[in-house]
Amino acid sequence: MQTSDSARESWPALMERAQAGDQLAYTRLLKALVPVIRSQVRKHFSDEALVEDVIQDVLLAVHRVRHTYDPAYPFLPWLMAIISARAIDALRRRGRHQQWEVNDDALPEAASVPDAHRQDTQDELAGYLQQLPSRQREIVEHVHLREMSLTEAAAHNNLSVAAVKSLLHRALTNLRRFGANHDRS
């Protein structure tokens, strides 16, 4: 479904009215955006369930950040940036949760490490993590062990993404220092 240029030209005005509290204008805008969002998302995904999930993510993002739109500027690039960001997030989530099949013969020698050695490595990692301040440890566990995105970790910990990045950087610096001190002993 193609959206006419004249309809697209009304989007900045509809958003401006929506920002001022006009619920009808906001509803009209969101209904007009769905086909455009859908066509853009389908360029990235063929799974209809995933397409619908991303559409909902985009609509929620538009709702959350609608105050950032400046009607003096074109609407479509603002919308496309949101669509792109939500599509990338979906791709990351899908890649993180995708199951990978590997032929056992192709596994490197490290995969055949005895369970006792593997347990020693896990215990060593747990020991390093315990040396971190609790906030740093939580961020490392969420981002690197539970494979949360920075945005997910920020939301889970009630922090900004910048704060998560900062805590993660400090934690990894500390872990490197702990490892270097361990190597010297």
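Values quoted throughout were computed directly from the atomic coordinates according to the rules given, and no laboratory measurement underlies them. The model shown is predicted, which means the values in this text are computed figures rather than measured ones. Cβ placement follows ideal geometry from the backbone for every residue including glycine, while neighbour counts extend to all protein chains displayed.
Below, the figures for the structure above:
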read-out: Length released on extending from R38 to Q56, taking residue separation times 0.36 nm less the Cα-Cα span; value: 5.5 nm
read-out: R0 of 22 Å, Cβ-Cβ distance D123-R176: FRET efficiency to nearest 0.05; value: 0.70
read-out: Inter-label distance, nm, simple model (7 Å from Cα along the C-beta direction), Q131/K31; value: 6.2
read-out: Approximate spin-label separation S46-H67, in nm, with each point projected 7 Å along Cα-to-Cβ; value: 4.2
